[in-house]
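Only one structure is covered here, and it is reproduced in the block below.
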Amino acid sequence: MDRESLKSIALKLEALDIQGTVEDVKRALNEKIAPFEVVQNGLSPGMDKIGEKYERKEYFLSELSLAAYIMKGAMELLGPRMKASRERSLGRFLVGTVKGDLHDIGKNLVSMMLTSAGFEVYDLGVDVPDEKFLQKAAEIKADFVGMSSLLTTTMPSMKSVIELLKNNGIREEVKIFVGGAVVTQSFADEIGADYYAKDAMECLRKARNSITKGK
Ligand code: B1M
């Protein structure tokens, strides 16, 4: 039953059915499917199909935008269900999408998951200049700096942010996380990030583990 509900969400999103996607997400929540499951196994596969159709020129920028609009509406339903209250912060987690990149759905999901688990999240938004990461990390005394990139062309900014943190003496004070559709473990290793996470759940798990383990 769960699998069918999630498949239906993916198909409705792929078909850009606004009403249908929202209704299916509501139904899945009523069926007590975990919000993260809804994203991971319902909305995300739907988004992947949209990306594939865009590559085959069956969908264009207007369809990508509509898909993002539907996804954001669905996330508004899911967000409140992810919230949990914690008395103590697990650490200050600065997060943003790197310069030149406007994709924020995955980054917002990462923020939501971390917040609900008890991290104090500072979200810089999208198209964040390298210097802004540095300035905010210093200002809030961040424990974690997380960068998201969805475009091959914006990945190099992750490296330049790390260099900037290094040159300003705060690289060793923070744990650096990178992620996003185009990012890989080997890229993370190459640029000297501490952690790569393939999805928001893995980001949360690695951030939590790093607290007990150190770096
Ligand atoms: Co664009 N786009 N887009 N797009 N878009 C992609 C990324 C693309 C793969 C589509 C394709 O061609 N198949 C392609 C990039 C190709 C590449 O560089 N290799 C692409 C392109 C080319 C573009 C434009 C250049 C198109 C154009 O203008 N001609 C343009 C660029 C604009 C810009 O940023 N400067 C563009 C624009 C857009 C929209 C604005 C229309 C819209 C984004 C709206 C928004 O985000 N507010 C959009 C969308 C929706 C997509 C696709 C279809 C879906 C992305 C998404 O939201 N996925 C995407 C295709 C795809 O990825 N399959 C595509 C769902 C989301 C939950 O997944 O963001 O990957 P994701 O996040 C995951 C993980 O990656 C991870 O956790 C999340 C899951 O739990 N994660 C992290 C993400 N950040 C993390 C950070 C972490 C850890 C994990 O640590 C800090």
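The values are calculated or read from the model by the stated rules, or taken from the named source; none is laboratory data. What you see is a predicted model; the values in this text were computed from it and never measured. Backbone-built Cβ (ideal geometry, glycine too); neighbour counts: all protein chains shown. Heavy atoms of the whole protein, side chains included, go into the accessibility calculation; ligands, DNA and RNA do not. Shrake-Rupley method; radii C 1.70, N 1.55, O 1.52, S 1.80 Å.
Table for the structure above
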| item | result |
| --- | --- |
| Ratio of the Cα radius of gyration of the stretch 2-85 to 2.2 N^0.38 Å, where N counts its residues | 1.05 |
| Cross-link pairs LYS107/LYS198; LYS7/LYS49; LYS136/LYS175; LYS175/LYS213; LYS7/LYS32; LYS166/LYS213 - those with Cα-Cα distance over 18 Å | LYS166/LYS213 |
| Nonlocal amide H pairs with ILE176, under 5 Å, H built at 1.01 Å | VAL145, ASP194, TYR195 |
| Where trypsin sites (Lys or Arg not before Pro) fall in DSSP loop in the stretch 1-55, at most 16 other Cβ within 10 Å | LYS32 |
| Highest-fluctuation residue, SER157, SER44, SER62 considered, GNM on the chain with Cα pairs under 10 Å | SER62 |
| Residue-averaged 222 nm ellipticity for the chain, from DSSP H runs of 4+ at -39500 (n - 2.57), nearest 500 | -17500 deg cm²/dmol |
| For the stretch 172-215, accessible area per residue (1.4 Å probe, heavy atoms of protein chains only), Å² | 52 |
| LYS141-ASP127 pseudo-label distance in nm [points 7 Å out on the Cα-to-Cβ vector] | 3.4 |
| Proximal aspartates and glutamates relative to LYS26, as straight alpha-carbon distance under 12 Å, when same-chain residues fewer than 8 apart are discounted | GLU76 |
| Ranked packing of 111-119, 165-173, 191-199, most packed first, by mean Cβ within 10 Å | 111-119, 191-199, 165-173 |
| Loop-located chymotrypsin sites (Phe, Trp or Tyr not before Pro) in the stretch 1-102 whose Cβ has at most 10 other Cβ within 10 Å (DSSP) | PHE60 |
| Whole-number accessible area per residue in Å² for the stretch 2-85, which is evaluated in the context of all protein chains at 1.4 Å | 58 |
| Per residue, the convex hull volume that the Cα atoms of the chain enclose (Å³) | 120 |
| Rounded percent of accessible protein surface that carbon and sulfur make up, the stretch 89-213, 1.4 Å probe | 53 |
| Cα extents of the stretch 77-141 along the three principal axes, largest first (Å) | 32, 28, 9 |
| Per residue Cα convex hull volume in Å³ - calculated over the stretch 89-213 | 85 |
| Net dipole in debye of the chain [+1 Lys, Arg Cβ; -1 Asp, Glu Cβ; about Cα centre; nearest 20] | 560 |
| Aspartates and glutamates with Cα under 13 Å of LYS141, excluding same-chain neighbours fewer than 8 positions away | GLU120, GLU172, GLU173 |
